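Below: the structure, in structure tokens.
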Amino acid sequence: MGIQERLIEDVGLREGVSRLNEDSIQKTVNAVFQGETGARLKAYAEICLRCGMCTEACHFYLSHDKDPTYAPAAKVKQTIGTLLANGGRVSPDQIYSMAQIAYSECNLCRRCVHYCPVGIDTAYMMITMRRICHKLGVTPQYIQDTAHSHSATFNQMWVKDDEWTDTLQWQEEEARDEFPDLRIPLDKEGADVYYSVIAPEPKFRTQLIYQAAAILHTAKIDWTMPAEPGWDNSDMCMFTGDFEMMGRLKRKHFESAQKLKVKRIVMGECGHAFRSVYDVGNRWAGWKHYPVPVVHSVEFFWELLTQGKIKLVSKYPGPVTLQDPCNIVRGRGLGDKLRDVIRILVDGDIVETTSNREHNLCCSAGGGVINCGPPFKNARVEACKAKADQLRATGVKTIIAPCHNCHGGLDDTVHKYELGMDIKFLGDIIYQCMERPEA
Amino acid sequence: MQDAASSWDWQPGERVILDSVTCGKTHQWQEEPYVASDGERLAAIVRLEDETFSMCVNGKTWESSFEKLWKPCFSPDGRLVVIAQQDGEWSLAVDGATWEEFYAYLWHPCFSADGSVIAAAIQNDGQYGMSVDGTTWSNLFDNANEYAISDNGQSTAAVVQTEAMAAADLAAFRRGVYTVAVNGEAWKNTFMNAWTPTFDAHGRKVATQVRLNLYEYSIAVDDAVWGQTYNCVWEPRFNPGTGEVVAPVRIAGAWGMAQDGKTIWDPVFFQCWHQQFSTDGKVLAAIVAPTFGEFTVAVNAKPWSTTFPVVTELTLSTDGKRAAALACNNNVDWQVVVDGTPWRGKYDMAWKPVFSADGTHVAAKVEKAGRHAVLMDGKAYKRDFEHAWDPVFSPDGSKVLIRAVDKGTFVRIVATLSDFSSRG
Amino acid sequence: MYDIYNFVTGPLVWVSFAILIFGSIYRLGSMYALAKKKDAVSLAYMDWKFSFRSIFNWLIPFKALGWKKNPVLTVVTYVFHICLLATPILLSAHIIMIEESWGVSWWNLPDATADIMTILVIACCAFFAGRRLLQKDVRFLTTGQDWLILAIAALPFITGFLAYHQLFNYQVMVIAHVLAGNIMIAAIPFTRISHMLFAVFTRAYIGSEFGGIRRAKDW
């Protein structure tokens, strides 16, 4: 029991702490405490009653035989709590443990908010710990590489400028076999919709761009995609604690949309990017709300389906269950619309998991955890056991998950726990079932 | 461009340039229209029956057609430029003729101020750089981004990657593999990151944002980094009068402005960006947020008293005596704000305000309920349009050229100041 | 002994309440100043409607997910807080003392009821102590501060109970009771009992974020 017995070897963390000593740690930690945190951290640290009510909230705890060191308040105690108690003076090895907890044992899902009577936001404490780790240069290798990609290319997958437009043109060409007059309009000024994606789409999941283009084309939406960097709405810097880069990314993204004079940004089925635009990145830039409305696919599909812009020729065979992505449901209240969309698309019942809507259990992949890569994969999937149990209990064969990270996380989970379930994006189903325009 | 504009037709009145904006040649589809600055031509990409693409200009297609065309635009000197693909390779087609050189990929066409020089980003065999009027940089790089061309067209620059990196190679990144290449020649110093290289007025010097390590940002000018580092920086700009470089800098969590490494605007802003100089360099204005969530414009460090949730498209008059910008809330309720006072109307969208050469008048295009209108000094032109382009002032500032499409017709209107009523 | 009694029920009460009032003002004021300086971004999202929505919903027993999933703790927590606040304020002995000094009085609990409520507080404290000792997750979290505030909360009731029932030395017990009560009052702003002051704001803040930005309930 305890973080010491479960330490995972990671190059980024190991090399990071090798550059530190107690003096340098103390200096950096206190610079963050004094320069960047205030009443919020102070109040949270002071009034946490150590009551343990939040314990049951956390899927890491539930999935690890109720190991108390995984409880939300316990994670705070082992990280920020320890730093505060020691005036920021801890050993490099302690920083290693703290980094592992903050980056890989908390999805920042905020389920524990629903358990805390005094309203402590444990995710804030964990992100503050990550901020300190970033400032100390102690971040897991894979997610740090993603942050590097963001800073070098403004997307998270090292997609080069030409690869982006080339991929869009390739998908456009492919789609013309099916939709002869389909366009992916690039840099079309004044369009109603700016469609934005995350970099894994052009890199690995080009069919998602194809599907989105097919849906937007069929619905006769006046839309565009930007030809220049800014197209990637994702934001791993938000999760590494590199807030300066996070702000730079959000500026690039929103200014890309402002430059094209679009009415709104519609984004693909992604959770964390949504959090970044409505809740986090916009704030660093100084915008109280996003400067250009960002509509998540769930809401956009809801519009298309309820306004009759997309009609169905068939329905997807149910029953199905669904994954409420934390960042769009607990984070943005899209639970009802998600269910409306599924009811329209699916022939059969929605079998809810025991914990659902804003009380949903996280897929264990969010908050940058899946982006910490292979070293942390087993631990991540183990933490999804509680979720796997709930999914198995639904007895259905399909999970609808409108979020890339949920997909990735649940994919591993379904495999490991032999659930035998298919995981679908809403876009997959709409593309499959929609009425094609007459040629 | 103002020089070129003096030769345009400034006879007041409306001239129908095209009865129909639909391309005369049979086609599968026609894409968005683009118009020349002088308002004499309207162009659009058309997909022809044989599944090739061409440009249709004033109803007539180019003689040449291509496998693919994208990103058409008129250069400042009125040439029609479009990215074109032939036999799987890419070039730039200028008024129907491509550059001789073709590339594995080509994008980001950009122009000198007068339009006489055209450059673009290119990639060949996985190597990146720029091509200027079809002449490729002598050195290409593993990657390049953030392309720039000087106003006089004499120089081009980009951020380049100086060595290949293995996957997830944190050490190489930390060491720094990025720098700026000017005309294909990379600087000697490398950085963790570099962004937004920008030229001085003569196209001789280049300033750029640099990230020295994960936490320290600064500005580099011609390969020399300022002595001072910051939490963060934004795009540098050269003072056209003195050649000094200014950039927004973040100090202890707040934004100010630094010049050659010395703070000239105290760091008191929640945000500060998009700074620009008057032509003589005596006035420096920027978009700032005096407090969280409230944006405005600061002129020589002094913010306007009115604030808005979002401010964009700052424009200074040539003499720097006046400033205009756009404000909105959540991308609606757009307002044109001139010298700190918003014009009366609120719109669904607005475009960058344009000053007359002497700075006495401001015009802007706006959109309401799907119709475009042109405003001048807060008053609307007497009719609105299906689509309009940014207004252009005559060199003497007494007339406004309106380029617009309505009811399928492309019109060119030279409006006098009295043609703008106070209808809003 | 009488002098000590006079001192603890006289000047010391004044001191305790002064510490409570001025200490609370200082703590709240300095926390607000800090928030304005360093957490302006958070303050910007504070919203009356969503603050009260959150506070209201969390006041209802078994409404929030956390209450539902910790049923025993929920019952104990409500009983504890109600008895902890109501018993001293509505205790006839306290009211009589106030009436003698100030000439004001209010409704009081029957002594038998107050006695039961006192026992409940002590029992709740025993329950909390038991959790801290026996429940793995709570034991892991517990620090000296947690034992301290538990003792501060329990002692006035234990001593009050003993005094009321005249167990052990009555006079000593009364003095110990008044002293414990004073300590508790004075400790509010400067120990973890400060959740009395701050929890309403942390609750309001998370309620505002969830209501206004995240469009989801936070209970």
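Read the figures in this text as sums done on the coordinates, not as results from a lab. Predicted model, so just to flag it, every value in this text is computed and none were measured. Counting neighbours? That spans all protein chains shown, and the Cβs are built from the backbone with ideal geometry, glycine included.
The alpha-carbon atoms of segment A:311-433, seen along their principal axes, cover 45, 30, 26 angstrom, with the largest extent given first.
P(r) tail for segment A:23-62: Cα pairs beyond 16 Å make up 58% of the total.
Within the shell defined by Cβ-Cβ distances under 12 Å, the residues around C:LEU150 carry a net charge of +3, with Lys and Arg each +1 and Asp and Glu each -1. Among residues other than A:GLY286 with Cβ under 12 Å from its Cβ, the summed charge is +4 (Lys and Arg +1, Asp and Glu -1).
For segment A:256-315, the relative contact order comes to 37 percent (Cα pairs under 8 Å, sequence separation of at least 6). Rounded to whole numbers, the Karplus 3J(HN,Hα) couplings from phi for segment A:333-343 are x, 8, x, 5, 5, 4, 5, 4, 4, 5, 4 Hz, using 6.51 cos²θ - 1.76 cosθ + 1.60 with θ = phi - 60°, and x at Gly and Pro.
Cβ under 10 Å from A:HIS296's Cβ, A:HIS296 left aside: what net charge do those residues give with Lys, Arg +1 and Asp, Glu -1?
Numbers: positive: A:ARG332, A:LYS337; negative: A:GLU269, A:GLU299.
Around A:HIS296, the surrounding residues sum to 0.
Here segment A:3-139 yields Rg over Rh of 0.95, to two decimals, using C-alpha coordinates and the Kirkwood radius. Computed over the Cα atoms of chain A, the ratio of the radius of gyration to the Kirkwood radius (Rg/Rh) comes to 0.97. Here segment B:168-246 and segment A:13-36 have alpha carbon centers that stand 27 Å from each other. For the pair C:ASN108 and A:ASP349, how long in nm is the line joining their label points, each one 7 Å along Cα→Cβ? Label at C:ASN108, label at A:ASP349, 6.1 nm between them.
Compute the normalised compactness of segment A:146-304: alpha-carbon radius of gyration over 2.2 N^0.38 Å, N being the residue count.
Its radius of gyration relative to the 2.2 N^0.38 Å reference: 0.97.
Modelled this way, with points 7 Å down the Cα-to-C-beta line, the labels at B:THR409 and A:ASP181 are 2.6 nm from one another. Across segment B:311-355, Cα pairs under 8 Å and at least six residues apart give a relative contact order of 37 percent.
Show me the GluC sites (Glu not before Pro) within segment A:132-205 that DSSP assigns to loop and that have at most 16 other Cβ atoms within 10 Å of their Cβ.
Passing sites in segment A:132-205 are A:GLU178, A:GLU189.
For A:ASP23 and B:ALA171, the FRET efficiency from 1/(1 + (r/R0)^6), where r spans their Cβ atoms and R0 equals 22 Å, is about 0.35. Rg/Rh for chain B (Cα atoms only, Rh after Kirkwood) is 0.98.
Distance between the modelled labels on A:GLN207 and B:ARG344, one decimal in nanometres: 5.8 nm (7 Å Cα→Cβ projection). What the Cβ-Cβ distance of C:ALA18 and B:LYS302 gives, at R0 = 51 Å and to the nearest 0.05, is a FRET efficiency of 0.60. The distance linking segment B:368-402 with segment B:303-319 is 20 Å (Cα centroid to Cα centroid, whole angstrom).
Using the 2.2 N^0.38 Å rule of thumb for compact globular proteins, work out how chain C stacks up: its C-alpha Rg over that value, please.
Values: Rg = 19.7 Å, N = 219, 2.2 N^0.38 = 17.1 Å.
My calculation over the Cα atoms of chain C gives 1.16.
Three principal axis extents describe the C-alpha atoms of segment C:62-187; from largest down they are 48, 32, 25 Å. Taking a quarter of the surface of the Cα convex hull of the protein assembly as shown gives a mean projected area of 46.8 nm². Cross-link partners for C:LYS68 among the lysines, with Cα-Cα distance under 27 Å and sequence neighbours closer than 8 places in the same chain left out: A:LYS66, A:LYS75, A:LYS77, A:LYS337, A:LYS385, A:LYS387, C:LYS49, C:LYS136, C:LYS217.
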